[in-house]
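Notes follow the structure.
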Amino acid sequence: MRVILDNNVWSYVGIEGAKADLEALSKSKRLSIRTPPATLLEALRTSDPEKRDRIIDAMTSRHWVRLRTEVDVECEEFVAEARRTRPQWVRQLPQPGRPADLRDFWTRGIWREAARDSAPLAARQPNLTDTDEDRVFDVMKSNSLSMREAKWHGENLSKVTYTAAEVASDAYLAGWQRGTHVAGWRAEGRDVFRQALDRHDLKTWAGHDTTYGDWLAPYLKLNHVLRDPEDFTRFWLTDVNEERMPRNWLRWVSGVALLEHKVTKSTGRDNQLACYLPDCDVFLSEDRRFVSALLRVKETAPMSLPEIHWVDIEASGGKVVDVIAAALI
């Protein structure tokens, strides 16, 4: 059984010093405990150094399975669909060295560095993420407020659509016909990747986030990808197959589900963690709001998602590993 624990659960494991007990449970129940990079990044935000090191020690057992980043997998989906529908974008001779290095860092290097001494990583983390997180928080808070004011509630999140507004600029629409509707994840995917790749010459990206370019450039000719904006729009709005883009779909729909609840600074990080749901059979969290949003996603997901359980560790009065074991029955 593949299991992912939310950060709040890992906090109990670390603070209680229950790493060995969790390893024993994992062995006896044949569990595959999986640790997304997003959980480590969240742990690095813990301000108390002793508490932070306890949590990270629990996360860095050699028995756990370390997962790839969500952007790595989202870009893999993008490349696969480009190969299927836009071979002219694809490099005849891929240059996979850079992605291999990045993948090794996120599945091995950063974990070793954090286990050895978390302080340098913890000190760098706010500088790397806080500005982007503040921007995401402002957007999500505004969108959530608009949804509440409109008393919006989508019965089926998979059927939520975006409409090309009459007032939208030609540059933004880029071939998307005014007044027409498309699935929300398609419009969102187009916008996310277009914004990430609009500076396709990597040499000019100094000072900008190059994450998507780092993963895509070794496989795709980025100058060809955005050469025809209308074709890029067609790629996303009509040509990509929903079943072949589960992580891209999941990133959008989980973000919408989270907006139905109170938005906090951690909401964006919750959305990030939700992208790992296909990597497990059971997901455990002590955040009732997060669990409620994920269950909404599961109701309409076009892919198989895990069992999602809320656990109340503090109220149970028991040991965290006992609570985890009970939730897995």
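Every number here is computed from the coordinates shown, using simple stated rules; none is lab data. Just so it is clear, the model here is predicted, and its values are computed rather than measured. A quick note on method: Cβ atoms are made from the backbone with ideal geometry, for glycine too, and the neighbour counts reach across all protein chains shown.
A few comments on the model shown:
- The chain - charge dipole about Cα centre, Lys and Arg +1 at Cβ, Asp and Glu -1, debye rounded to 20: 620 debye
- Using the alpha carbons alone, the radius of gyration of the chain stands to its Kirkwood radius in an Rg to Rh ratio of 0.97.
- Given K19/K51; K29/K51; K51/K319, the pairs whose alpha carbons are separated by over 21 Å: K29/K51
- The slack between E50 and A326, meaning 0.36 nm per residue of separation minus the straight C-alpha distance, is 96.5 nm.
- Spin-label model distance (nm) - I15 vs V167, 7 Å beyond Cα toward Cβ: 4.7 nm
- Residues W215, W111 arranged by fewest to most Cβ contacts within 10 Å: W111, W215
- Taking amide H atoms as placed 1.01 Å from N in the peptide plane, the amide H of R2 lies under 5 Å from those of S32, D281, V282, each 5 or more residues away in sequence or on another chain.
- Sorting the segments 76-82, 104-110 by their mean number of nearby beta carbons within 10 angstrom, highest to lowest, gives 76-82, 104-110.
- Listed by chain and number, the aspartates and glutamates whose C-alpha is less than 14 Å from the C-alpha of K262, apart from same-chain residues fewer than 8 away, are D138, E149, D270, D287.
- Contour excess over end-to-end distance, with Cα ends at T238 and A100 and 0.36 nm allotted per residue: 46.6 nm
- Cα gyration tensor shape of the range 1-75, rounded if a/c is under 1.5, else prolate or oblate by comparing a/b with b/c: oblate
- Compared with the dominant principal axis of the Cα atoms in the chain, helix 70-85 is inclined by about 30°.
- For the listed peptides 295-308, 182-195, a ranking on the average number of other beta carbons within 10 Å per residue, highest first, reads 182-195, 295-308.
- Seen against the Cα atoms of the chain and their longest principal axis, helix 49-59 is set at about 80 degrees.
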